[in-house]
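Since the structure comes first, as structure tokens, the remarks are kept for the end.
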There are 4 protein chains.
Amino acid sequence: MAAFHNEIRIRYQECDMQGVVYFARYPEYYDISLTELFRVALGSYQSMVDAGTDIVVAEQTVRYRSPARFDDVVDVAITIDRLGETSMQSAYAISRGGELIVEGDVRHVFIDVPTKAKRPMPEEIRAALGAYGPESG
Amino acid sequence: MAAFHNEIRIRYQECDMQGVVYFARYPEYYDISLTELFRVALGSYQSMVDAGTDIVVAEQTVRYRSPARFDDVVDVAITIDRLGETSMQSAYAISRGGELIVEGDVRHVFIDVPTKAKRPMPEEIRAALGAYGPESG
Amino acid sequence: MAAFHNEIRIRYQECDMQGVVYFARYPEYYDISLTELFRVALGSYQSMVDAGTDIVVAEQTVRYRSPARFDDVVDVAITIDRLGETSMQSAYAISRGGELIVEGDVRHVFIDVPTKAKRPMPEEIRAALGAYGPESG
Amino acid sequence: MAAFHNEIRIRYQECDMQGVVYFARYPEYYDISLTELFRVALGSYQSMVDAGTDIVVAEQTVRYRSPARFDDVVDVAITIDRLGETSMQSAYAISRGGELIVEGDVRHVFIDVPTKAKRPMPEEIRAALGAYGPESG
């Protein structure tokens, strides 16, 4: 295991009238954290886009165990579970103070920026993301 | 089948730099549409909360087939797939011009408003939601 | 006066832990409503963009008198107060059940889509928007 | 002058189809940064609320000079311009790489948490916020 970790402080406006984070904000936390993984692994998400490759979400899941609250600092751990020909499966475990509160998965598909057509994952991206795979480290 | 249908017009701020709806907005469309189902079935979501029962999301999934865009009008079809003792499973099919573009599921758990503890679904809610079940109609 | 009117139902996720609409959602209600004005006046906002002209916000204000709440239906009244050479000043009055709850202004600047440079407002847009001016009707 | 400074990295989902931060996100950056000022000045925003005092926004303005973009790191400088009997006026200057890009003001009103009625600002809050006044330091 070689999970990537990113800390996020919960913002006031991400919480709802139940006093907890609105459920649809969690996939946003996934995305914010994946941007940080890309920064470390690849320079930046934008540099990949500028080089002609982008990713789109094909599927995502969230399982909620316990709510996060305003001003909590949560840790988002990402593992790259599978690097397919044109897709990438990543797993997310969000915890607070060592307690797992939310988890789930995202499947991204690699696309060509100008045409938006599906394309094979560039080899340098595959190599860089492989470091966060479940069998790494 | 007795799906509930709700139309939503895509807002500018729900779209991202890729020119399509940001992926984390779709579970919001689920939620907005479920509020409309509750309005028809139960008077309103708020009336249920005022009567002491609320729901929280335990799990959600989204599968993306094709992107929605700014100003599109999409139809969100909801089916209540399962009414358990303390939980409810709902399925969502979002289409545009008859084409299915996004689909997924949500599992909600019923809670008691003052204590936030899990509680059995009230019978009048079970009866009202049953009309949108897969075996209904 | 020839204000344009647009109705918006407040969404659950637009409300915060204070149980009212989060303050930064109101300029979004302005924007959603201006899109509807453009639809009636010009065909659509997107058709203007496709024809090479876009608008960007140069300044906005919101004054809060009374909070809107989840599931409220509010009326957003827009008046186009001034059509300058390259800019447009619009005024917003948001009311609920006839009571004014929020008001404010936005100044937009017209830009050329490819260059993003400031440009004079196209004459057909000026003519169409003039119908919503304070001196009209 | 004794401005409080808070850095924010722009998130992907805060940008719109124009490729820049959506205009209504800037008052959110104000709010996120004010929470950080309160953390330093008062322990935390939540501790003030728990002690029975909250704040609501009475008015806000934003003037846009230049757009922020995805992944930019911006500095939000806050000055507390005026501490009235029941209200507080704060000024915001958002810059990127030393260039001022957005500025504006917010007027907050202090309220009593249980009744939501306007109330005088507690003296310890007045003292703590005074350090960020324009005449301080």
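Rule-based calculations on the coordinates, nothing more; no lab input. Values in this document were obtained by computation on a predicted structure and should not be read as measured data. Here the Cβ positions follow ideal geometry from the backbone for every residue, glycine too, while neighbour counts run over all protein chains shown.
The rows are residues; the columns are (1) outside any loop (DSSP other than H, G, I, E, B); (2) of a type in the set (Val, Ile, Thr).
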residue	(1), (2)
A:Asp31	yes, no
A:Glu59	yes, no
A:Arg69	no, no
A:Asp75	yes, no
A:Val102	yes, yes
A:Arg107	yes, no
A:Lys116	no, no
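For region C:45-67, filtered to residues that are of a type in the set (Gly, Ala, Ser) and within 13 Å of chain D (Cβ to nearest Cβ), the residue that is surrounded by the fewest Cβ atoms within 10 Å (Cβ to Cβ) is C:Ser66. Exactly one residue out of A:Arg39, A:Arg63 is assigned to a strand (DSSP E or B) and not aliphatic (A, V, I, L, M), and it is A:Arg63. Could you please let me know if D:Tyr132 is buried (at least 17 other Cβ atoms within 10 Å of the Cβ), outside any strand (DSSP E or B) and touching a Ser or Thr at 6+ places or on another chain (Cβ under 9 Å)? So D:Tyr132 fits the description; yes.
Here region A:2-23 is the region considered, the condition is being closer than 17 Å to C:Phe70 by Cα and hydrophobic (A, V, I, L, M, F, W, C), and the residue that is nearest to the chain's Cα centre (by Cα) is A:Phe23. Could you say whether any residue in region B:75-86 is of a type in the set (Ser, Thr, Tyr), within 30 Å of C:Tyr45 (Cα to Cα) and either over 13 Å from the mean Cα position of the chain (by Cα) or within 10 Å of another protein chain (Cβ to nearest Cβ) (or both)? No - not one qualifying residue is present in region B:75-86. For region B:84-106, name all the residues that are buried (at least 17 other Cβ atoms within 10 Å of the Cβ) and either of a type in the set (Phe, Trp, Tyr) or touching a Gly at 6+ places or on another chain (Cβ under 9 Å) (or both). Listed by number, the residues that qualify are B:Ala91, B:Tyr92, B:Ile94. If you go through region B:12-56 and pick out every residue that is within 18 Å of A:Ala58 (Cα to Cα) and polar (S, T, N, Q), you end up with 1. For region C:46-81, how many residues are closer than 23 Å to C:Ile125 by Cβ, touching a residue at least 12 places away in the same chain (Cβ under 8 Å) and of a type in the set (D, E, K, R)? Result for region C:46-81: 3. For B:Glu85, the criteria (1) in contact with a helix residue (DSSP H, G or I) (Cβ under 7 Å, 6 or more places away or on another chain); (2) in a loop (DSSP other than H, G, I, E, B); (3) acidic (Asp, Glu) hold in every case but one, which is (1). Among the residues of region C:106-116, those identified as more than 16 Å from C:Asp50 (Cα to Cα) and either touching a helix residue (DSSP H, G or I) at 6+ places or on another chain (Cβ under 9 Å) or among the aliphatic types (A, V, I, L, M) (or both) are C:Val106, C:His108, C:Val109.
Every residue, every condition in (1) touching a Leu at 6+ places or on another chain (Cβ under 6 Å); (2) at negative phi; (3) polar (S, T, N, Q), yes or no:
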site: C:Tyr29; (1), (2), (3): no, yes, no
site: C:Gly43; (1), (2), (3): no, no, no
site: C:Gln46; (1), (2), (3): no, yes, yes
site: C:Asp50; (1), (2), (3): no, yes, no
site: C:Ala68; (1), (2), (3): no, yes, no
site: C:Asp72; (1), (2), (3): no, yes, no
site: C:Asp81; (1), (2), (3): no, yes, no
site: C:Thr86; (1), (2), (3): no, yes, yes
site: C:Pro114; (1), (2), (3): no, yes, no
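Would you check which residues across region C:1-18 are assigned to a strand (DSSP E or B) and surrounded by fewer than 18 Cβ atoms within 10 Å (Cβ to Cβ) and list them? Those that are assigned to a strand (DSSP E or B) and surrounded by fewer than 18 Cβ atoms within 10 Å (Cβ to Cβ): C:His5, C:Glu7, C:Arg9. Restricting attention to region A:19-36 and to residues that are farther than 22 Å from D:Cys15 by Cβ and surrounded by 19 or more Cβ atoms within 10 Å (Cβ to Cβ), the residue that is nearest to the other protein chains (Cβ to nearest Cβ) turns out to be A:Phe23.
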